[in-house]
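Structure, as structure tokens:
Just so you know, all these numbers are worked out from the coordinates, no wet-lab data involved. Given the structure is predicted, the values throughout are model-derived calculations rather than measurements. Note: ideal-geometry Cβ built from the backbone for every residue, glycine included; neighbour counts use all protein chains shown.
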Amino acid sequence: MSVVISGTGLFTPPNSISNDELVACFNQYVDNFNSEHCDAIEAGEVTALSYSSSEFIEKASGIKSRFVMSKEDILNPEIMRPTFTERPNEELSMQAEMGVIAAKQALAAANKTVEDIDLVIVACAYTQRYYPAIAIEIQNALGASGWGFDMIVACSAATFGIINAANAIRSGTAKTVLVINPEILTPQINYRDRDSHFIFGDVATATVLEDQSTATSEHQFKIIAEQPITQFSNNIRSNIGYINKCSPDTIDADDKYFIQQGRKVFKEVLPMVSKLIIAQMDKVQVSANDIKRLYLHQANINMNGFIAKKVLGRVPSIIEAPIILDEYANTSSAGCIIALHKHHQDLNSGDKTVLCSFGAGYSACCLILEYV
Ligand code: CO8
């Protein structure tokens, strides 16, 4: 049996924030902080904060803008976080709403109706609550039968979700699976931290997976190799969780936000991911010349350039290794799916592509996909 990705969907939030807008707010916060603490700064008791810069952000990461679910308060120097109105239990939660939009698009692209779906997996970096599962809420909102569950693997959630979906199809516990990645990342950004205030955006993606024999859609990707890998590291970490409220003194400390040692991540993850991709290519005897597209995790343009060069043995063209992080920023597990969703229409039957995630955990996953 061969499993195919037979459709993809993308929900893009309505608001975008440019680097200039984000930096203007950050620098206003820096001015406010430094003038408020000027005596302590002069006495050497407090360190003055430094400005952020759009030029640094674009050069260091490739990010030019990001989409967000709520813009206004992120850009208010007195608030610097998104503000959401809590919804009553009778209403669809925000994460489910984003997921449903992406899921409906993926179903349409796959030529499937909700009656075909018998498993819904929500795979992302955070779920907005622990239960009932967002996947079960989406299953209900769509009117699908079968079963559903949530799973969390930071930036590798989508690819790990796809592997879980493929295994469910192979084992016979499901026939047609929706994997949905509603990534609401802005609440986890410390917008007062110069090193990381620019990194993430919000988005939702979805994929439909099924046995190739039932697939009828125009664009299909057959999974011909797959390998997840994990290796513990504290270099990307957040201590946010339901136990935090039991330690009220530290409930809003910096470690409850996303924190990373960016340089160390760069150094340690690049060889791990390059090795993983090359091993998968070797496994199915696909050479660098056969690879028509690298759909890589979208965290950093320099990182992607390095991996692509290592895997292909040459500097890739922008078509070969598409970049979406310039417009979307890092969208955690959804990034490589957005790249695939937006950049596959020109592929030809038999073309080989790589779908690869990497991030916190560390976790990484490489799939070799053949365009059908
Ligand atoms: N403006 C101006 N200057 C700055 C800024 C800024 N905003 N930020 C830092 N600088 C300064 C630094 O202070 C430093 O100055 P100095 O040399 O004087 O000390 C200088 O610029 C260089 O700083 P860095 O060495 O930190 O800069 P880098 O070139 O390493 O770039 C990056 C920083 C962009 C963060 C880069 O290291 C990077 O992208 N690394 C890889 C990160 C990565 O791939 N991470 C994956 C994590 S994502 C993931 O797994 C998902 C987690 C779950 C989702 C979380 C949701 C919130």
Note on region 311-324: residues within 16 Å of the ligand (Cβ to nearest atom) and in contact with a Lys or Arg (Cβ under 9 Å, 6 or more places away or on another chain) are ALA321, ILE324
Of the listed residues (ARG263, ARG293), the one being part of a helix (DSSP H, G or I) and closer than 27 Å to ASP326 by Cβ is ARG263
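Yes or no, residue by residue, for (1) among the charged types (D, E, K, R); (2) within 16 Å of the ligand (Cβ to nearest atom); (3) touching a residue at least 40 places away in the same chain (Cβ under 8 Å):
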| position | (1), (2), (3) |
| --- | --- |
| ASN234 | no, yes, no |
| ILE243 | no, no, no |
| ASP249 | yes, no, no |
| LYS256 | yes, yes, no |
| GLN260 | no, yes, yes |
| LYS264 | yes, yes, no |
| MET272 | no, yes, yes |
| ASP282 | yes, no, no |
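Kindly indicate whether any position in region 131-140 is part of a helix (DSSP H, G or I), of a type in the set (Asp, Glu) and either more than 11 Å from the ligand (Cβ to nearest atom) or touching a strand residue (DSSP E or B) at 6+ places or on another chain (Cβ under 8 Å) (or both). Show your work before the answer.
First pass over region 131-140, keeping only residues part of a helix (DSSP H, G or I): 134-140.
Keeping just the survivors that are of a type in the set (Asp, Glu) gives 137.
Subsequent filtering for residues that are either more than 11 Å from the ligand (Cβ to nearest atom) or touching a strand residue (DSSP E or B) at 6+ places or on another chain (Cβ under 8 Å) (or both) retains 137.
Taking every residue of region 131-140 in turn, at least one turns out to be part of a helix (DSSP H, G or I), of a type in the set (Asp, Glu) and either more than 11 Å from the ligand (Cβ to nearest atom) or touching a strand residue (DSSP E or B) at 6+ places or on another chain (Cβ under 8 Å) (or both).
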message: Whether any residue in region 316-328 is in contact with an Asp or Glu (Cβ under 9 Å, 6 or more places away or on another chain) and aliphatic (A, V, I, L, M) is what I want to check.
response: yes
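Would a scan of region 68-85 turn up a residue that is more than 16 Å from the ligand (Cβ to nearest atom) and farther than 30 Å from ASN19 by Cα?
So the first thing to find is which residues in region 68-85 are more than 16 Å from the ligand (Cβ to nearest atom), and the list is 71-73, 76, 78-79, 83, 85.
Narrowing the set further to residues that are farther than 30 Å from ASN19 by Cα leaves none.
No, region 68-85 contains no residue that is more than 16 Å from the ligand (Cβ to nearest atom) and farther than 30 Å from ASN19 by Cα.
Considering only residues of region 325-358 that are on the phi > 0 side of the Ramachandran plot and in contact (Cβ under 8 Å) with a residue 40 or more places away in the chain, which is nearest to the ligand (Cβ to nearest atom)? Can you show your working first?
Step one: of region 325-358, the residues on the phi > 0 side of the Ramachandran plot are 329, 332, 350.
Retained after the next criterion (residues that are in contact (Cβ under 8 Å) with a residue 40 or more places away in the chain): 329, 332.
Values: ALA329: 10, SER332: 4 Å.
Per the criteria, the residue is SER332.
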task = Could you please let me know if VAL311 is free of Cβ contacts under 8 Å to residues at least 24 places away in the same chain and either part of a loop (DSSP other than H, G, I, E, B) or of a type in the set (A, V, I, L, M, F, W, C) (or both)?
result = no
From the option list THR173, THR207, single residue qualifying as out of contact with any strand residue (DSSP E or B) (no Cβ under 6 Å at 6 or more places or on another chain), touching a residue at least 40 places away in the same chain (Cβ under 8 Å) and more than 15 Å from the ligand (Cβ to nearest atom) is THR173
The residue that is surrounded by the most Cβ atoms within 10 Å (Cβ to Cβ), considering only those in region 106-130 that are small (Gly, Ala, Ser), touching a Ser or Thr at 6+ places or on another chain (Cβ under 9 Å) and outside any loop (DSSP other than H, G, I, E, B), is ALA123
Only one of (1) within 13 Å of the ligand (Cβ to nearest atom); (2) surrounded by 13 or more Cβ atoms within 10 Å (Cβ to Cβ); (3) farther than 29 Å from ALA204 by Cβ does not apply to ASN32, and that is (1)
